[in-house]
1. Give, as a single signed number, the net charge of other residues whose beta carbon lies under 12 Å from the beta carbon of K256, with Lys and Arg counted +1 and Asp and Glu -1.
2. For the chain, with the dipole built from +1 on Lys and Arg beta-carbon atoms and -1 on Asp and Glu ones, taken about the Cα centre, which of Y10, A98, T249 lies farthest toward the positive end?
3. Please list, by residue number, everything in the range 4-21 whose backbone N is under 17 Å from a paramagnetic label point 7 Å out along Cα→Cβ of E54.
4. Divide by every residue of the chain the summed helix terms, -39500 (n - 2.57) for each DSSP H run of at least 4, and state the resulting mean residue ellipticity at 222 nm, rounded to the nearest 500 deg cm²/dmol.
5. Pop the C-beta distance of L248 and D157 into the FRET formula with R0 = 41 Å and round what comes out to the nearest 0.05.
6. For S275, list long-range residues whose amide hydrogen, built 1.01 Å from N in the peptide plane, is under 5 Å from its own amide hydrogen.
7. By Kyte-Doolittle mean hydropathy of at least 0.0 and Cα axial length of at least 20 Å, which whole DSSP H helices of the chain are selected?
8. For the pair R143 and E67, what calculated FRET efficiency results from E = 1/(1 + (r/R0)^6), where r is the Cβ-Cβ distance and R0 = 35 Å, to the nearest 0.05?
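No lab work stands behind these numbers, since they all come straight from the coordinates. Since we're looking at a predicted model, the values are computed, not measured. We place every Cβ from the backbone using ideal geometry, glycine too, and count neighbours over all the protein chains shown.
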Amino acid sequence: MLKRYKIRTYEMGLVFREGEFRGLLRTGTHWYFDPLNKLKVDVVSQREPWLVHEKLDLIVKSGSLAENAVVLDLKDHERALVWIENRFSQVLPAGQFAYWTGQKQVRVEVVDIRQVRFEHDQFKLIVRSPSSARLLDVCTVQRDRVGVLFIDGRYVDTLQPGEYAFWKGPAEAKVVEVDLRETMIDVGGQEIMTADKVTLRLNAVVTYKIIDARKAVSQTDDVRQALYRDTQLVLRGVVGARELDAFLTEKDVIAKEIEENVRRRAGELGLEIASVGIKDVILPGEMKDLMNKVTEARKAAEANLIFRREETAAIRSQANTAKLLADSPTLMRLRELEVLEKIASNGKLSIVLGDKGLADKVVNLL
């Protein structure tokens, strides 16, 4: 009928009689007369500061813990950060909690989670705690990117590269990561009919980067697909308004016009266009053969024109030379000597003399 309870220096006794909390037992030996076995004493260690008990609400309500523990009664919009011996221990959700202060130093920081974004000077230490995963959504914005933050569907901020955390429960936080690096889009296989009813197949390329992340994620559901569609429409509008010959001879002008139109639309999407270019122009087979024949005929005509021009120049030069020789006997004589010299240098020169007059002429000539 006598019950003995020994409480060590690092322990505390919780006394219950008929299920009702009656008080604490401190260090020492305690005797109770309990013939009906209505008394119960739970001995707990203060070396583990967190007091976990099924009847914690009764213990707290009695007021017995006021000088022996830190008592927390966290509302729905509150969370608590707990340090034990200056080392971070855990994050507590809404509810009632108690921590013994007799053996170890306990420090508690209560946080209002209506401020959905969690910020703290020991941020990295806290978010890496296993208990944080249940209460915090943690996200990382990678290098060369930004994160567009929406809370309950409303734009709040643009986040720079780094790690961020948001409380679960009070609101829905969403971070859309946006890559700020230069990106290329291939606009390939575009079949476009020119103004003179010739079907071309074009391959174009657009190089861009995002300069306004908020616009890029708010104006359209997929900014890359939107830019692709707009480039398609611009290509069809610019190329379709020209005949084939004009298109082939003014490719640089057309490329510049396409770039200006795409750049205007890209600015509305928060993009900056670096370049827009036409990579390939593919003609139908029969049109390609026809163009080759036209090119061949044009080149043949140009070659013939050059030949006639050179022939005319040569005849004009010969006529001028003949007139000059006719007007100057001495120059004619020198020309004759040059001809004889060339003949003599190429081989044996045989001279057949006829009458006296001809011999004298040849001798005089030599």
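1. Once positives and negatives cancel, what remains is -3.
2. Looking along the dipole axis, the top candidate is Y10.
3. 14-21
4. -11500 deg cm²/dmol
5. 0.20
6. T207
7. 223-239
8. The value I calculate is 0.10.
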